[in-house]
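Take a look at the structure below.
The values are calculated or read from the model by the stated rules, or taken from the named source; none is laboratory data. Note that the coordinates shown come from a computational prediction; the quantities given were computed from them, not determined experimentally. A quick note on method: Cβ atoms are made from the backbone with ideal geometry, for glycine too, and the neighbour counts reach across all protein chains shown.
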Amino acid sequence: MQGGEISPVELFLQAGPVVKAVIVMLVAASFWCWIIIFEALWTLGRLRRAIRSEGGGKGRMGELIGKIFAAGRDEAFEAQVSAAESDRRSAITAAMRRRAQELIESCQRGLPNLAVIASVAPFVGLFGTVWGIMTSFAGIAAAKDTSLAVVAPGIAEALAATAIGLAAAIPAAFAYNRLAAAFGITAKALNRRIEDYGTRLARGNGQVAPLRKKIA
């Protein structure tokens, strides 16, 4: 570092082995975080389009939505012996909801990892900072020189671990909350679609065309 400029690469190279290991872990966690975020956004977009499409639409997500409706049709034929329409509707929607719950859970499988990164990364960074400062003070004691020029580089290297930890944790925390809310809204839209389709199946004893109503 010269002229007050801070180079992240230089900070990393001058850091001790423990701080280097912490920084590598946090950078890897940050990359993992963004991979999970983009994958969840892509999955969420496909799921929403499939819910709005007739019969679930095309592609793998459309096939999964179609299987939910197929489970309802299968249950509708099984429930024909029930005299009460409300009983048939309950059985049909329950069958579709089980499939829908499995689908939503599979789409959200990466979100717990975001929560882990958001909660753990700051503490890992803090550990690296504390360790780096301890090492710096030990070096100061050995050199018997307490001037700021000697102290500052070591402390800057240590604080870099906390900064990287926060850089990994903040996007993870924000994305976890926003994505969890978005998946919750999408699950409600799918549930409304299931309710409408289940009602039509119950009234038609399984002889019903695919639902054409689109859910916003």
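List pairs: first in the stretch 157-184 and free of Cβ contacts under 8 Å to residues at least 40 places away in the same chain, second crowded, with 16+ Cβ neighbours inside 10 Å, Cβ under 7 Å, 6+ apart or cross-chain?
Listed by first residue and then by second, the contacts come to 159/129.
Can you confirm whether the stretch 168-189 contains a residue that is among the charged types (D, E, K, R), modelled with pLDDT of 85 or more, surrounded by 13 or more Cβ atoms within 10 Å (Cβ to Cβ) and not in a loop (DSSP other than H, G, I, E, B)?
In the first step, residues of the stretch 168-189 are kept if they are among the charged types (D, E, K, R); the result is 178, 188.
Subsequent filtering for residues that are modelled with pLDDT of 85 or more retains 178, 188.
Keeping just the survivors that are surrounded by 13 or more Cβ atoms within 10 Å (Cβ to Cβ) gives 178.
Restricting the remaining residues to those that are not in a loop (DSSP other than H, G, I, E, B) gives 178.
Within the stretch 168-189, one or more residues are among the charged types (D, E, K, R), modelled with pLDDT of 85 or more, surrounded by 13 or more Cβ atoms within 10 Å (Cβ to Cβ) and not in a loop (DSSP other than H, G, I, E, B).
Of everything in the stretch 58-89, what is at pLDDT 80 or above and of a type in the set (Gly, Ala, Ser)? Give them in sequence order.
66, 70, 71, 72
Checking the structure you have, find out if any residue of the stretch 103-123 is surrounded by fewer than 17 Cβ atoms within 10 Å (Cβ to Cβ) and more than 26 Å from residue 184 (Cα to Cα).
Taking every residue of the stretch 103-123 in turn, at least one turns out to be surrounded by fewer than 17 Cβ atoms within 10 Å (Cβ to Cβ) and more than 26 Å from residue 184 (Cα to Cα).
Hey, can you tell me all the residues within the stretch 92-102 that are buried (at least 17 other Cβ atoms within 10 Å of the Cβ) and either of a type in the set (Asp, Glu) or more than 15 Å from residue 185 (Cβ to Cβ) (or both)?
92, 93, 95, 96, 97, 99
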